[in-house]
Amino acid sequence: MNKGDCMNAGGKRRWGYAVDHTVWALRLGLTVVLCGLGQTGFAAMDQQPATYPDLPVLKLSLRDAMDAAVDQNPTVRLFKERINQAQDVADTQLGELLPNLSGSLSYSRRRFFTSTFGGSSTVTDPRDFYDARAFLTQNVFSLSLIQKWWEAKTGVEVAGLDAEVTKHNTMATVGLIYLETLRAKAAVEARRADVLLNKELLRLATGRKAAGMATRLDVTRAKVQLENERQRLLAAEIAEGRATLNLIRAMGISFDVKIVLTDELVMVPVPEQTMKEALQLAQDNRTELKVQKRRERLASLSLSSVKSERIPSIQATGEVGMIGNQIPDMLTTDGVAVLMTVPIFDGGQREGRISERRSIVRQEAINTQDIQYQVILEVRDALLTLNSAKQQVAVAEGSLKLSLTELELARERFAVGVATNIEVTTAQTSVARARDNLIQGLFTFNASRISLARSQGRLQDL
């Protein structure tokens, strides 16, 4: 449309301007509707979900995903195997304290030299010898072996608590990935709403051009904007797909499944806690503190077992058997012995191992202090983030309401011709920003809930 066209029909440029008002009012009305939908979770609008006819559908809540990770995650399963390994070590050490029974059966044929040296040599005919014998060995007293057995039993406890720590870490990780997937899903729904809006704007621009009220440039701009929104939608869908794959990987299940998330990013009631109460819960329930105390005991027992090697040990042995050159004529023989072993000098090897174990004990004490500081840090950070996230969500909700009101007022002002589209554009930007802030605030709130429960060792109560 050129300048002459605009001045046609007696120079009715004001008429064309009024038509522009009407189109902008339609556009703003669509924007308000879509933004209102965004306030309730950005439900998909006339979008058919992708179908996977060959894949089973797995509906997952946050708790389902966390529980599935406990059963299927490879890291958790690996630590469970380490418990079995530690138990086998303890059984081996116990075997050192229990009676050891063994047996032997031998047959031999020998010739014997029966003459004196220097005389005539006489060698007997071959003779058969049969020997069947049973041996019994029992450590009567060995303080070092006893303490090594205690050490191995403590190692089983440490392995079990390590597996519990790994389970909690995996549950927390899967929970956060689940929330990230929900956030990606919300972003996809928001981009779909943007694409739908731009399709409607392109339709309006095309209609105006057909009526002679818009130029090809207006249509081209609408097409460019629509393609930009489609690109953003594709990027959001890729991000959602990656988040879903990460969730499947974290749970340790097959990738040949379609995941449907049943939970949403919403506010839920959270009991109020003071910092003192939160720290006390962590001190009482945090598994890392429990396992570190076992590690200190493990290091102490290891040191004591090496020191106890200086103490004499007593071992009793017994044997009984039958011997003879013919099986029917075999005679019974037996023997009993008590052996006391007294360590005297081993070249300083034992003292070196004692010094090494003392260093390990000091290291574990340092680790205990470090873990205590880390627990305090995690609890304080999670509680502060949770309280801040509550305020962020409240502010974002209020901001979204105000932005929608601002957009409605800007639309009305633009419709009556007392404002320009600059106010409308500013209001649209405010609505989009408030909508994104609400999504981020809800994600931060729920993520901080998981972090706080993890830092206090009570994920099972989440």
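A few comments on the model shown:
- Scoring Glu272 on the criteria (1) in a loop (DSSP other than H, G, I, E, B); (2) more than 27 Å from Leu377 (Cβ to Cβ) leaves a single failure, condition (2).
- Only residues that are closer than 30 Å to Phe443 by Cα and either touching a Leu at 6+ places or on another chain (Cβ under 8 Å) or assigned to a loop (DSSP other than H, G, I, E, B) (or both) were counted in segment 64-118, giving 4.
- Scanning segment 339-380 for residues that are surrounded by fewer than 14 Cβ atoms within 10 Å (Cβ to Cβ) and in contact with a Ser or Thr (Cβ under 8 Å, 6 or more places away or on another chain) gives Leu339, Met340, Thr341.
- Of all residues in segment 137-151, those satisfying the criterion of being under 23 Å from Val336 (Cβ atoms) and either surrounded by 15 or more Cβ atoms within 10 Å (Cβ to Cβ) or of a type in the set (S, T, N, Q) (or both) are Thr137, Gln138, Asn139, Ser142, Leu145.
- Taking every residue in segment 358-372 that is at positive phi and pairing it with any residue that is modelled with pLDDT of 95 or more and of a type in the set (D, E, K, R), at least 6 positions away or on another chain, yields no pair with a Cβ-Cβ distance below 8 Å.
- Residues that are among the hydroxyl-bearing types (Ser, Thr, Tyr) and in contact (Cβ under 8 Å) with a residue 12 or more places away in the chain were ranked within segment 389-412; the one that is farthest from Ala447 (Cα to Cα) is Ser403.
- Residues located in segment 169-188, provided they are more than 30 Å from Gln231 (Cα to Cα) and buried (at least 21 other Cβ atoms within 10 Å of the Cβ): Thr170, Met171
- From the list Thr122, Thr154, Thr114, the one residue that fits, being among the hydroxyl-bearing types (Ser, Thr, Tyr) and either surrounded by 14 or more Cβ atoms within 10 Å (Cβ to Cβ) or at pLDDT 90 or above (or both), is Thr154.
- Test: residue in segment 189-202 that is closer than 18 Å to Ala453 by Cβ and either touching a residue at least 60 places away in the same chain (Cβ under 8 Å) or surrounded by fewer than 19 Cβ atoms within 10 Å (Cβ to Cβ) (or both): no
The values are calculated or read from the model by the stated rules, or taken from the named source; none is laboratory data. Just so you know, these numbers come straight off a predicted model, no measurement behind them. With ideal geometry, Cβ positions are generated from the backbone for all residues, glycine too; neighbour counts draw on all protein chains shown.
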